[in-house]
Amino acid sequence: MTILFAVFRVDVALTEDRIAAELLQALERRALPEKFFYWSPLSVRAWLDLCAEGAYRNFSRSCLLVERHAEELASLSPPGRLEVVSLGAGQGTKDARLLDALRSQGRRPLYRPVDASIALLEMAMGEAARAGVSALGLKADFTDPEQLRGLSRRGAPPRIFLMLGGTLGAFEPISLACQLSRLMREQDLAVVDGELFAGAETLSGYANPVNARFAFAPLAALGLSEREGTLDFCLEKDSRRDGLHRVVKRFTPQRDLELAVAGRAVSFRAGERLEMSPSHKFEPGRLNELLAEAGLSRVAEFESPDRRFLMAVARRAAPQRPGSSL
């Protein structure tokens, strides 16, 4: 399926019907994965408000780092033809700053935003248009390798993969880093960022009214009111890796509920928790270690002024030759 936007194009690997079916399945498991926080019009508006009001510090930190280092990132990119592949592009605000820097250096990249939200993809394509860059979007769940097959076409030019705004930590960072590495070739570059763990200060970035509205928006889109339950945020250690923490959010209804999803009813009992997607945070050095474990070698890194956010630039490590020392 292909949707045409003037001179731009969006290929669809994840249909709206499939997203609705997956939402139903997730709620039946008492889970709400990350991609559903950007799907409905209400969620998109809550996300844009969160970014615009500055309440989401990681969005602001990531934007600042891209703004400050866009020229350097552009200079690190491979010469010649180039694709900029943004995994979890959102509205494309951060990507556009790098596209501007590439254009200022005389480059003509092809922009390839990937997102499950058609509304946010439309915005990202608009950012590309303003930057004077051609775009080929992909509506997909970028955590599903099958839906990214179109990115691995034969003869593709070198690519810069972007995973910005804390995207790696918003999903499963261990598996997602490995998936990113598998997508890359030796001539490709990746730019990945993440929040550095700071205990109670980390939690305070989430436990605020604007972020609570964003976190509740997928449920509000299903007709729920915030008065019908409690939304809680807490910190947990990730038992799979030392130095990996996560902000956990849960919704607990105060009464029995019945939600209508994709033409089906999903019932919740009072007190039955809905586990929402966590956000992972990294102790110092852990983000780079995680990338290295996935087969990515560091090229450069940049730290936010408050020293709470790190942006890493990496390449896929060259394979060891037979007989070489480790």
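None of 217, 156, 212, 177 is modelled with pLDDT under 95 and assigned to a helix (DSSP H, G or I) except 212.
Tell me, which residue of the stretch 91-136 that is small (Gly, Ala, Ser) and assigned to a strand (DSSP E or B) is surrounded by the most Cβ atoms within 10 Å (Cβ to Cβ)? Break it down into steps so the answer makes sense when it comes.
Step one: of the stretch 91-136, the residues small (Gly, Ala, Ser) are 92, 96, 101, 104, 106, 116-117, 119, 124, 126, 128-129, 131-132, 134-135.
Those still in the list that are assigned to a strand (DSSP E or B) too: 134-135.
Working: 134: 14, 135: 27.
So, considering only residues that are small (Gly, Ala, Ser) and assigned to a strand (DSSP E or B), the one surrounded by the most Cβ atoms within 10 Å (Cβ to Cβ) is 135.
Sub-6 Å Cβ pairs linking a first residue in the stretch 57-71 that is more than 16 Å from residue 99 (Cβ to Cβ) to a second residue that is assigned to a helix (DSSP H, G or I), at least 6 apart or interchain, are 59/51, ordered by first then second residue. State whether one or more residues within the stretch 65-81 are at pLDDT 95 or above and within 22 Å of residue 19 (Cα to Cα). Checked against the condition, which is being at pLDDT 95 or above and within 22 Å of residue 19 (Cα to Cα), the stretch 65-81 yields no hits at all. Remark: pairs (first residue in the stretch 167-192, closer than 20 Å to residue 116 by Cβ; second residue buried (at least 23 other Cβ atoms within 10 Å of the Cβ) and of a type in the set (Val, Ile, Thr); Cβ separation under 7 Å; 6+ apart in sequence or on different chains) = 168/192. Look through the stretch 180-214, keep the residues that are among the β-branched types (Val, Ile, Thr) and over 14 Å from the mean Cα position of the chain (by Cα), and return whichever of them is surrounded by the fewest Cβ atoms within 10 Å (Cβ to Cβ). Filtering the stretch 180-214 for residues that are among the β-branched types (Val, Ile, Thr) and over 14 Å from the mean Cα position of the chain (by Cα), the one surrounded by the fewest Cβ atoms within 10 Å (Cβ to Cβ) comes out as 210.
Here is a check on your reading of the model: is residue 149 outside any helix (DSSP H, G or I), at pLDDT below 95 and not acidic (Asp, Glu)? No: the conditions fail for residue 149.
Of the residues in the stretch 48-57, not one is at pLDDT 95 or above, more than 15 Å from residue 122 (Cβ to Cβ), not in a loop (DSSP other than H, G, I, E, B) and not β-branched (Val, Ile, Thr).
Taking the stretch 281-318 as the region of interest, how many residues are over 25 Å from residue 84 (Cα atoms) and either surrounded by 15 or more Cβ atoms within 10 Å (Cβ to Cβ) or touching a Ser or Thr at 6+ places or on another chain (Cβ under 7 Å) (or both)?
Going through the stretch 281-318, the residues over 25 Å from residue 84 (Cα atoms) turn out to be 281-286, 305-308.
Going one step further and asking which of them are either surrounded by 15 or more Cβ atoms within 10 Å (Cβ to Cβ) or touching a Ser or Thr at 6+ places or on another chain (Cβ under 7 Å) (or both), we end up with 281-283, 286, 308.
Of the residues in that region, 5 qualify.
Checking the structure you have, find out if any residue of the stretch 39-60 is farther than 25 Å from residue 221 by Cα, touching a Pro at 6+ places or on another chain (Cβ under 8 Å) and not hydroxyl-bearing (Ser, Thr, Tyr). No, because not a single residue in the stretch 39-60 is farther than 25 Å from residue 221 by Cα, touching a Pro at 6+ places or on another chain (Cβ under 8 Å) and not hydroxyl-bearing (Ser, Thr, Tyr).
Looking at 156, 177, 217, which is the one that is of a type in the set (A, V, I, L, M) and surrounded by fewer than 20 Cβ atoms within 10 Å (Cβ to Cβ)? Spell out how you get there, then give the answer.
Details: 177 fails: surrounded by fewer than 20 Cβ atoms within 10 Å (Cβ to Cβ); 217 fails: surrounded by fewer than 20 Cβ atoms within 10 Å (Cβ to Cβ).
156 is the lone residue from the list that is of a type in the set (A, V, I, L, M) and surrounded by fewer than 20 Cβ atoms within 10 Å (Cβ to Cβ).
Filtered by the rule that a residue be touching a strand residue (DSSP E or B) at 6+ places or on another chain (Cβ under 6 Å) and of a type in the set (A, V, I, L, M, F, W, C), the stretch 152-169 gives 160, 161, 162, 163, 164, 168.
Checked against (1) of a type outside the set (S, T, N, Q); (2) in contact (Cβ under 8 Å) with a residue 60 or more places away in the chain; (3) buried (at least 17 other Cβ atoms within 10 Å of the Cβ), residue 231 meets all criteria but (2). Of all residues in the stretch 194-209, those that are touching a residue at least 60 places away in the same chain (Cβ under 8 Å) have Cβ atoms under 8 Å from Cβ atoms of residues that are polar (S, T, N, Q) and in a helix (DSSP H, G or I), 6 or more apart or on another chain, in 195/58; 195/202; 205/58; 205/211.
Cβ-Cβ distances below 6 Å connect the following pairs, each with a first residue in the stretch 124-143 that is closer than 16 Å to residue 94 by Cβ, a second residue that is among the hydroxyl-bearing types (Ser, Thr, Tyr) and crowded, with 24+ Cβ neighbours inside 10 Å, and a separation of six or more residues or different chains: 128/111; 133/111; 135/111.
Going by the structure shown, is residue 26 touching a strand residue (DSSP E or B) at 6+ places or on another chain (Cβ under 9 Å) and without any contact (Cβ under 8 Å) to a residue 12 or more places away in the chain? So residue 26 passes the test. One residue alone among 237, 249 is among the basic types (Lys, Arg) and surrounded by 14 or more Cβ atoms within 10 Å (Cβ to Cβ), and that residue is 249. Checking each residue in the stretch 257-282 for being more than 22 Å from the chain's Cα centre (by Cα), charged (D, E, K, R) and modelled with pLDDT of 95 or more picks out 269, 272, 273.
The values are calculated or read from the model by the stated rules, or taken from the named source; none is laboratory data. If you're wondering where the values come from, they're calculated on a predicted model, not measured in any experiment. Positions of Cβ are backbone-derived with ideal geometry, glycine not excepted, and every protein chain shown enters the neighbour counts.
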